[in-house]
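Asks: Mind looking over this structure? Questions follow.
Taken together, the values in this text are just the output of simple stated rules run on the coordinates, not laboratory data. Only a predicted model underlies this, so the values are computations on that prediction, with no experimental measurement involved. Cβ atoms come from the backbone with ideal geometry, glycine included; neighbour counts cover every protein chain shown.
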């Protein structure tokens with residue numbers, strides 16, 4: 001038992017050199033405002049004097065405790081090694097057994113901040129480019145913040161009046177807020193720019209239905225079926241047509 005404990009302590013001590021790096025990772029995730037800043041913080045924290053000192057002390061105490069346990073000497077140090085080993089094993093349980101779990105939780109909690117900081121920086125550095133506004137609009141759409149999404153899509157359209165995807169996505173955002181008139185108008189513009197967009201016809205058809213314009217909805221859904229190369233979209237449009245025809 002004593003020999004097994006000593007060997008375990010020595011092995012734990014050797015591998016504990018990575019613990020300060022994991023601590024640095026946690027600190028960086030808590031402080032970073034962007035993914036690049038997170039990487040920079042991890043790098044600087046892992047190289048800092050406290051990380052080196054922590055590695056030396058943790059590894060030294062654990063290995064020293066293991067050696068003392070094997071040689072039946074200095075049981076106080078052996079006990080200290082066991083305590084430090086338990087601490088290190090706790091870190092392993094949190095960060096090595098499931099290495100991506102803790103980082104994933106932090107990143108999930110701060111996902112919006114990371115995304116928005118990246119888009120804000122892109123807009124600040126190139127405010128005349130429609131792309132960053134469109135990208136941030138998509139991020140707001142994913143978060144169901146449709147008013148902000150509409151504002152960014154509108155800015156993208158102002159900078160690039162032929163940005164078909166900005167019209168398409170703004171139409172979707174208008175639809176989610178219940179403004180079907182504006183949604184239909186934007187889908188119409190998207191179709192003018194990309195006449196073969198089956199998804200735009202399908203979506204406009206549904207918004208026509210929300211307006212009570214059944215005949216226009218049927219026409220758009222039929223056009224969606226005609227243009228679609230996506231089996232799922234074709235199926236959805238055909239199902240919608242079937243329900244409309246069955247109800248009439």
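Asks: Compute the projected area of the convex hull of the Cα atoms of region 172-224, averaged over all viewing directions, and report it in nm² to one decimal place. Please list the in-between numbers first.
Replies: Values: hull surface 12.0 nm².
If I average the Cα hull's projected area over directions, I get 3.0 nm².
Asks: Now, a different point. Evaluate the distance, in nm, between pseudo-label points positioned 7 Å from the Cα of residue 121 and of residue 230 along their respective Cα→Cβ axes.
Replies: Reported label-point gap for residue 121 and residue 230 is 3.2 nm.
Asks: Another question, if that's okay. Take region 146-205, compute every pairwise Cα distance, and split them into 5 Å bins from 0; I just need the percent in each bin.
Replies: The percentages, shortest bin first, are 4, 24, 33, 24, 13, 2.
Asks: Over the residues of region 113-247, compute the C-alpha Rg and express it relative to 2.2 N^0.38 Å.
Replies: Numbers: Rg = 16.1 Å, N = 135, 2.2 N^0.38 = 14.2 Å.
For region 113-247, the normalised Cα radius of gyration is 1.13.
Asks: Mind ranking 184-195, 221-232, 162-173, 118-129 by how tightly packed they are, going by the mean number of other C-beta atoms within 10 angstrom, highest first? Could you put the intermediate results ahead of the total?
Replies: Details: 184-195: 19.3, 221-232: 16.3, 162-173: 22.8, 118-129: 13.4.
My ranking of the peptides, most packed first, is 162-173, 184-195, 221-232, 118-129.
Asks: What nm distance separates the two modelled labels at residue 211 and residue 244, each placed 7 Å from Cα along Cα→Cβ?
Replies: About 1.3 nm, to one decimal.
Asks: If you average over every viewing direction, what projected area does the convex hull of the Cα atoms of region 115-164 give, in nm²?
Replies: Values: hull surface 12.2 nm².
With every direction weighted equally, the projected area is 3.1 nm².
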